[in-house]
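Here is the structure we will look at.
The values are calculated or read from the model by the stated rules, or taken from the named source; none is laboratory data. This is a predicted model, so every value here is computed, not measured. Heads up, the Cβs are rebuilt from the backbone with ideal geometry, glycines too, and the neighbour counts pull from every protein chain shown.
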Amino acid sequence: MNPFAPHLLALVAMGGAAGSVLRYATGIWCMRWFGVALPWGTLAVNVIGSAFIGLLGGLIAAEFPISTEARLLLITGLLGGFTTFSAFSLEVGTLFLRSPALAATYLGLSLAGGLGAFALAFALGRAIMH
């Protein structure tokens with residue numbers, strides 16, 4: 001199967017569009033209900049997305065029959081548009097089943113790398129503007 005087949009790309013795009021709209025709506029809803037003291041919307045989408053990808057990942061691991069198209073629509077598209085943290089959660093969980101040490105390494109590298117890259121790019125952006 002061609003991974004770039006138009007119908008597969010369309011499924012990812014449709015799911016991604018829906019996930020992005022849901023992310024936006026969740027952020028607005030959380031801001032209205034809980035205020036802005038913490039990024040409640042981001043927290044909510046990360047937790048909700050992780051729960052849904054955990055459920056889907058568990059079903060798939062238990063050999064639940066889900067088509068490639070459904071995976072692309074729901075996991076890559078919908079949950080990818082809703083939150084990328086859900087994919088990270090699935091990867092750490094799957095690695096943990098194979099090797100807790102490998103999962104811990106990936107977790108550490110991801111956090112250190114992501115936060116380190118953010119800090120450097122943030123400082124660069126500030127330096128450019130001054």
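If you scan the stretch 98-113, which residues turn out to be over 16 Å from Ser50 (Cβ atoms) and loosely packed, with under 12 Cβ neighbours inside 10 Å? Working first, answer last.
Pass one, the stretch 98-113, residues over 16 Å from Ser50 (Cβ atoms): 98-102, 104-105, 108-109, 112-113.
Arg98, Ser99, Pro100, Ala101, Gly108, Leu109, Ala112, Gly113 - these are the residues of the stretch 98-113 that are over 16 Å from Ser50 (Cβ atoms) and loosely packed, with under 12 Cβ neighbours inside 10 Å.
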Helices (runs of 4 or more DSSP H) contained in the stretch 56-130 and holding at least 2 residues in contact with a strand residue (DSSP E or B) (Cβ under 8 Å, 6 or more places away or on another chain), hydroxyl-bearing (Ser, Thr, Tyr) and closer than 18 Å to Leu11 by Cβ = none
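Yes or no: the stretch 35-42 includes at least one residue that is assigned to a helix (DSSP H, G or I), at pLDDT below 95 and not β-branched (Val, Ile, Thr).
Filtering the stretch 35-42 for residues assigned to a helix (DSSP H, G or I) gives 40-42.
Filter again for at pLDDT below 95, leaving 40-42.
Retained after the next criterion (residues that are not β-branched (Val, Ile, Thr)): 40-41.
Yes, the stretch 35-42 contains at least one residue that is assigned to a helix (DSSP H, G or I), at pLDDT below 95 and not β-branched (Val, Ile, Thr).
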Would you mind telling me which numbered condition in (1) part of a helix (DSSP H, G or I); (2) in contact (Cβ under 8 Å) with a residue 40 or more places away in the chain; (3) surrounded by fewer than 13 Cβ atoms within 10 Å (Cβ to Cβ) Met1 fails?
-> (1)
Which residue out of Ile28, Ile66 is touching a Gly at 6+ places or on another chain (Cβ under 8 Å) and β-branched (Val, Ile, Thr)?
-> Ile28
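Given the residues Ala44, Ala25, Ala17, Ala87, which is the only one that is farther than 30 Å from Pro6 by Cβ and either under 13 Å from the mean Cα position of the chain (by Cα) or of a type in the set (Gly, Ala, Ser) (or both)? Can you show your working first?
Details: Ala25 fails: farther than 30 Å from Pro6 by Cβ; Ala17 fails: farther than 30 Å from Pro6 by Cβ; Ala87 fails: farther than 30 Å from Pro6 by Cβ.
None of the other options fit; the residue is Ala44.
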Here are some conditions: (1) among the β-branched types (Val, Ile, Thr); (2) farther than 30 Å from His7 by Cβ; (3) touching a Ser or Thr at 6+ places or on another chain (Cβ under 9 Å). Ile128 meets all but one. Which one does it not meet?
-> (3)
Looking at Thr26, is it at pLDDT 95 or above, closer than 21 Å to Ser89 by Cβ, polar (S, T, N, Q) and assigned to a helix (DSSP H, G or I)?
-> yes
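Identify, from the list Trp33, Trp29, Trp40, the residue that is under 24 Å from Leu115 (Cα atoms), of a type in the set (Phe, Trp, Tyr) and without any contact (Cβ under 8 Å) to a residue 24 or more places away in the chain. Before the answer, list the steps.
Values: Trp33 fails: under 24 Å from Leu115 (Cα atoms); Trp29 fails: under 24 Å from Leu115 (Cα atoms).
Residue meeting the stated conditions: Trp40.
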